[in-house]
Amino acid sequence: MKKVGIIGYGTIGEDVAQAVHQGRAGLVQLEAILVRDKSKYEDSNSTEYLITEDEDEFFNQNLDIVIECAGHGAVRKYGERALHHGADLILVSIGAFADESLQKLLRDKAEQSGRKIIVPSAAIGGLDRIAAGSVGPMEEVTLVTRKPPKAWYGTLIEEQVNLAELSEPYCAFEGVARDSARLFPESVNVSAALSLAGIGFDKTKVKVYVDPHISHNIHEIEARGKFGQIKLQIQNTPSARNPKTGYIVAMSVIKTLRDMSSSFVIGI
Ligand SMILES: NC(=O)C1=CN([C@@H]2O[C@H](COP(=O)(O)OP(=O)(O)OC[C@H]3O[C@@H](n4cnc5c(N)ncnc54)[C@H](OP(=O)(O)O)[C@@H]3O)[C@@H](O)[C@H]2O)C=CC1
Ligand SMILES: O=C([O-])CC(=O)C(=O)O
């Protein structure tokens, strides 16, 4: 059994922790969850695994896999340490890799320590095809992300527009993924995953909309290259706990964990 540690016990972290604890994530065992404020989780059934605010205690558990479900700051703060302690590192807040120096630091560290950084598809799809297509020349990759107004509270869009009174779709961003990943650290990590699979942060074109007419988080991907073309629309059901995040994100991490301990892997 591989020992798993989770950083962040929010929307994604809790769903992943439950699946691991209940044996729904393959041959892995939940050892520890690193949180910022342990008092929030005093009611949790934590007798079989550790919930700690103490990063030394967390990293001393001999973890085989560390899953980051906590945001860009946590990738910066703990990514190197997870790899240093000999764990493979699953990142959901992959938008942090728009910072090239952080990306290089962690990729070099993974190389030196013989561990892997693994980026699940998370909220997006088609990364298998985009990554395969980018082996040959890839001409263009675009992403259009649309979410309902409730998904944009707490982001910079709240300062641009009155979300409560919006009656038509509003284009809040048009540019490249390097900027969308940085400007929307909790909401457009998908643009980073797409960039890393395809033609990079500075060539991947992104538009971001607030759309009062939709109830799902919608991502539309188009790519063209020697491989052919892809046009893909993804509609994620927003989680009840955090409308920025779809349920599929935790499901994708669970699928990744299953792959890591299975002799049969499909869809990578
Ligand atoms: N790749 C993708 O497609 C997607 C990526 N994401 C990424 O995943 C992140 C988490 O999403 P989600 O679970 O919905 O967010 P939530 O806000 O529901 O949960 C985040 C949790 O992380 C905790 N946290 C934050 N910083 C730290 C830290 N330094 N150490 C320990 N815990 C920490 C928070 O704790 P506290 O309660 O103390 O604030 C909170 O409990 C997002 O910020 C986003 O970057 C999300 C969706 C899709
Ligand atoms: O990419 C993200 O950070 C979140 C997202 O779009 C989603 O859950 O649909």
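Of all aspartates and glutamates in the structure, those lying under 12 Å Cα to Cα from LYS226, and not within fewer than 8 positions of it along the same chain, are GLU139, GLU140. Residues ARG241, ARG258 in ascending order of nearby Cβ atoms (within 10 Å, fewest first): ARG241, ARG258.
Treating r as the C-beta distance of GLN235 and HIS213 and R0 as 22 Å, the FRET efficiency rounds to 0.95.
Axis angle, to the nearest 10 degrees, between helix 247-260 and the longest C-alpha principal axis of the chain: 50 degrees.
In region 127-242, the convex hull through the Cα atoms has an average projected area of 6.9 nm², a quarter of its surface area. Label separation (VAL265 vs GLN22): 2.6 nm, computed from points 7 Å beyond Cα along the C-beta direction. Between LYS226 and ASN62, the FRET efficiency estimated from the beta carbon spacing at R0 = 45 angstrom works out to 0.50. Taking θ as phi - 60° and the Karplus parameters 6.51, -1.76 and 1.60, the scalar couplings of region 178-194 work out to 3, 7, 4, 5, 7, 6, 10, x, 9, 10, 10, 4, 4, 5, 6, 4, 5 Hz in sequence order, x denoting glycine and proline. Here the calculated FRET efficiency for ASP108 and ASP43, from their Cβ-Cβ distance with R0 = 45 Å, stands at 0.65, rounded to the nearest 0.05. Here the residues THR52, THR237, ranked from fewest to most Cβ neighbours within 10 Å of their Cβ, fall in the order THR237, THR52. Against the main long axis of the alpha-carbon atoms of the chain, helix 72-84 sits at an angle near 40°. Exposed loop sites were defined as chymotrypsin sites (Phe, Trp or Tyr not before Pro) in DSSP loop states (anything but H, G, I, E or B) carrying at most 13 other C-beta atoms within 10 Å; in the chain the longest segment without such a site runs 1-152. In the calculated pair-distance distribution of the chain, the portion above 34 angstrom amounts to 17 percent of the Cα-Cα pairs. Applying a DSSP loop filter and a limit of 16 other Cβ atoms within 10 Å to the trypsin sites (Lys or Arg not before Pro) in region 102-198 leaves LYS116.
Just so you know, all these numbers are worked out from the coordinates, no wet-lab data involved. In this text, all values refer to a predicted model and were calculated from it rather than measured experimentally. When we count neighbours, we look across all protein chains shown, and the Cβ atoms used for this are built from the backbone with ideal geometry, even at glycine.
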